[in-house]
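Below: one structure, written as structure tokens.
The values are calculated or read from the model by the stated rules, or taken from the named source; none is laboratory data. Predicted, not measured: the structure shown is a model, and the values here were computed from it. All Cβ positions, even for glycine, are placed from backbone atoms using ideal geometry, and neighbour counts span all protein chains on display. These accessible areas exclude ligands, DNA and RNA; they are computed on the full protein's heavy atoms, side chains included. Shrake-Rupley method; radii C 1.70, N 1.55, O 1.52, S 1.80 Å.
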Amino acid sequence: RFDAAELSKRLKASSIDIGEEAKSQLRNYLANVASMYRDNPFHNFEHASHVTASVKKLLSRIVNVDDGNGLSTPSDEIDLIDMAGHSYGITSDPLTQFSVVFSAIIHDLDHPGVPNAQLVKENTRDAQIFKKSVAEQNSVDIAWSMLMDKEYGALRACIYHTEDDLRRFRQLVVNTVMATDIVDKELQALRKARWETAFAETSIQDDNISSEDCKATIVIEHLIQASDVSHTMQHWHIYKSWNEKFFMECYSAYKAGRAGSDPSKNWYKGEIGFFDFYVIPLAKKLDDCGVFGVSSHEYLNYAQSNRDEWAREGEGIVEEYLVKFEDKASQQ
């Protein structure tokens, strides 16, 4: 919660030393997280790192309102102060910022390389336990259980001090990771309804706490969703590289009998639909919520440019993917 008096006394994050014990535990925790990512072409620790970098970038570019009118230049550090509450409290709440970064690095931990629908179809152990958002819930479960181990006591003491903070930390992590499940239609409908209530031009705006919390939640959801597909909103060669990795993962699953249809048949058209009905609308929402400054324009421009380039070159690129897959398979 934004509190100008408290915030004015707060130390800069860069000036705080959490101590060698906590640093060592953090390094150990991240090493263990990295080791628990599977060797998938796409859903791997490199992807988690890429998503985390995007989260950091978007957090650092949340607009900062100075004492006068208008917006000041965004800082390169994640310690911005939203003196006018322009980011709905996010930039003045270190626990929220840490929770989003933490969620990014663990969001695909132990990902099996196939979608949730396939896990449910195969009736895997995780599918029996979690029922919905299977991979996402499994990632949170593993990461949280490890963090709660006694060997990470000093690290936990740097994250939260009270039971209320612990509960809020867990809720933030669960909500943020669950937001990366963009296939579940029920969850998507709920998010869309929340957005319409909070940000639609026809919605009734107010300044009460519940409204601010709702907006902060929505901003975080869209921040992690944009970061999860940030390759679609970056330079063409970055998009193409990650698109190839995702194709190889999906095509490998098909070849292994873990997909109902050949993804190569609809990959070209599917990507155009993904841009038109998810990526570009998402980039526009980053702009509409009004907290990301110039980054929202940058993301939208890249998304539109990549969509157009894919429309021109995509069919030939899919053929290249297939040749690469078969060449690699013949060498094994």
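Ignoring everything but the protein chains, give the 1.4 Å probe accessible area of MET36 in square angstrom, nearest 10.
Near enough 70 Å² of accessible area.
How are the alpha carbon pair distances in the range 211-293 distributed across 5 Å bins from zero to the largest one, expressed in percent?
Whole-percent P(r) values from 0 Å outward: 3, 13, 19, 20, 16, 13, 8, 6, 3, 0.
P(r) for the range 225-268, please, calculated from all Cα pair distances in 5 Å bins and given in %.
Computed distribution, short to long bins: 5, 22, 23, 20, 17, 11, 2.
Counting only pairs 8 or more places apart or on different chains, how many lysine pairs in the range 128-280 have C-alpha atoms closer than 16 Å?
Working: LYS131/LYS185; LYS132/LYS185; LYS192/LYS215; LYS240/LYS269; LYS245/LYS255; LYS255/LYS265.
Step by step, the pairs that qualify in the range 128-280 add up to 6.
How many angstrom lie between the Cα centre of the range 259-324 and the Cα centre of the range 103-139?
Answer, in whole Å: 24.
SER24: accessible area at probe 1.4 Å, nearest 10 Å²?
Roll a 1.4 Å probe over it and SER24 shows about 60 Å².
Where does the charge balance sit around TYR321 when Lys and Arg score +1, Asp and Glu -1, over other residues with C-beta under 14 Å from its C-beta? Intermediate results must be reported in sequence, preceding the final value.
Numbers: positive: LYS240, LYS245, LYS255, LYS265, LYS324, LYS328; negative: GLU244, GLU249, ASP262, GLU271, GLU313, GLU315, GLU319, GLU320, GLU326, ASP327.
Overall, the nearby charge balance is -4.
Roll a 1.4 Å probe over the protein chains and send me the accessible area per residue for the range 267-317 in Å².
On a per-residue basis, the range 267-317 sits at 45 Å².
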